[in-house]
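**Student:** The structure under discussion is supplied below as structure tokens; questions concerning it will follow.
No value in this document is a laboratory result; all are computed from the given coordinates. All figures in this text were calculated on a predicted structure; none of them were measured in a lab. Here the Cβ positions follow ideal geometry from the backbone for every residue, glycine too, while neighbour counts run over all protein chains shown.
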Ligand SMILES: [Fe+2]
């Protein structure tokens with residue numbers, strides 16, 4: 001299956017990436033390697049657009065539906081890692097994302113523009129974390145709507161224990177400072193900021209680490 005191959009390639013790529021150390025446990029002042037618990041990923045509201053209907057195609061590639069044409073918009077790939085407070089990978093968790101198309105329209109009856117959505121976009125996708133806690137998505141840069149900053153919604157569903165719902169934002173977005181939902185985060189917004197880099201003329205790439213309390 002394409003997801004498995006992608007995930008293996010991703011695992012290797014991430015191990016080689018020096019920047020993928022956001023969730024590395026810090027050493028104590030003696031340098032003896034006794035780790036402090038990592039700060040938990042902050043929660044954010046689910047919002048009114050969690051899908052009421054999920055397409056049959058709900059894989060981790062949101063840039064097309066089935067074998068259809070490519071969705072419009074800037075392609076964005078996302079590499080992630082899920083760990084607990086001790087920086088131990090959490091495997092077999094389901095990571096769900098949902099977002100708007102390139103024009104800021106959701107596939108949802110609460111969105112008055114939903115009839116005009118980009119029907120080549122998948123809007124919702126799932127990925128399972130592997131043994132190293134890694135996952136990946138291929139999507140597009142979400143559009144903006146209302147006064148909200150550009151964002152992706154995320155739900156983490158571990159095999160056991162409580163999950164986490166949150167939202168991811170983009171570094172440098174000028175709408176961040178005036179957004180009420182973001183303001184509740186205070187300084188912990190840093191844990192939810194994506195800082196994409198251009199990998200090729202057509203693709204932006206970002207990475208994220210999630211820290212979830214394990215029961
Ligand atoms: Fe939203």
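**Student:** When a footprinting reagent is the concern and you count Cβ atoms within 10 Å, what order do 139, 88, 166 take, fewest first?
**Tutor:** Neighbour counts put them in this order, fewest first: 88, 166, 139.
**Student:** Using Cβ counts within 10 Å as a stand-in for footprinting exposure, how do 151, 102, 108 rank, fewest first?
**Tutor:** Lowest count first: 102, 108, 151.
**Student:** Extending each Cα 7 Å along its Cβ direction at residue 40 and residue 70, get the distance between those two points in nm, one decimal.
**Tutor:** 4.1 nm
**Student:** What is the diffusion coefficient of the range 109-215 in µm²/s, taking the Kirkwood radius over Cα pairs and the Stokes-Einstein relation at 4 °C with a viscosity of 1.567 mPa s?
**Tutor:** Stokes-Einstein gives a translational diffusion coefficient of 81 µm²/s.
**Student:** In whole angstrom, how far apart do the alpha carbon centroids of the range 88-165 and the range 173-190 sit?
**Tutor:** Rounded to whole Å, the Cα centres lie 19 Å apart.
**Student:** Right, something else. In whole Å, what are the Cα extents of the range 158-210 along the three principal axes, biggest one first?
**Tutor:** The Cα atoms of the range 158-210 stretch 41, 33, 14 Å along their principal axes.
**Student:** Describe numerically, in nm with one decimal, the distance between label points set 7 Å from Cα along Cα→Cβ at residue 200 and at residue 181.
**Tutor:** Taking the two extended label points, one gets 3.2 nm.
**Student:** As a test of understanding, state the convex hull volume per residue of the range 97-165 from its alpha carbons, in Å³.
**Tutor:** 113 Å³
**Student:** Enumerate the residues in the range 50-93 having an amide nitrogen under 18 Å from the point lying 7 Å beyond the Cα of residue 213 toward its Cβ.
**Tutor:** 83-88, 90
**Student:** Could you sort 72-80, 156-164, 60-68 so that the peptide with the highest average Cβ count within 10 Å comes first and the rest follow in order?
**Tutor:** Numbers: 72-80: 19.4, 156-164: 14.9, 60-68: 16.8.
By packing density, highest mean first, the sequence is 72-80, 60-68, 156-164.
**Student:** Is the shape of the range 29-150 best called rounded, prolate or oblate, per the rule: a/c under 1.5 gives rounded, else a/b larger than b/c gives prolate, else oblate, with a ≥ b ≥ c the square roots of the Cα gyration tensor eigenvalues?
**Tutor:** prolate
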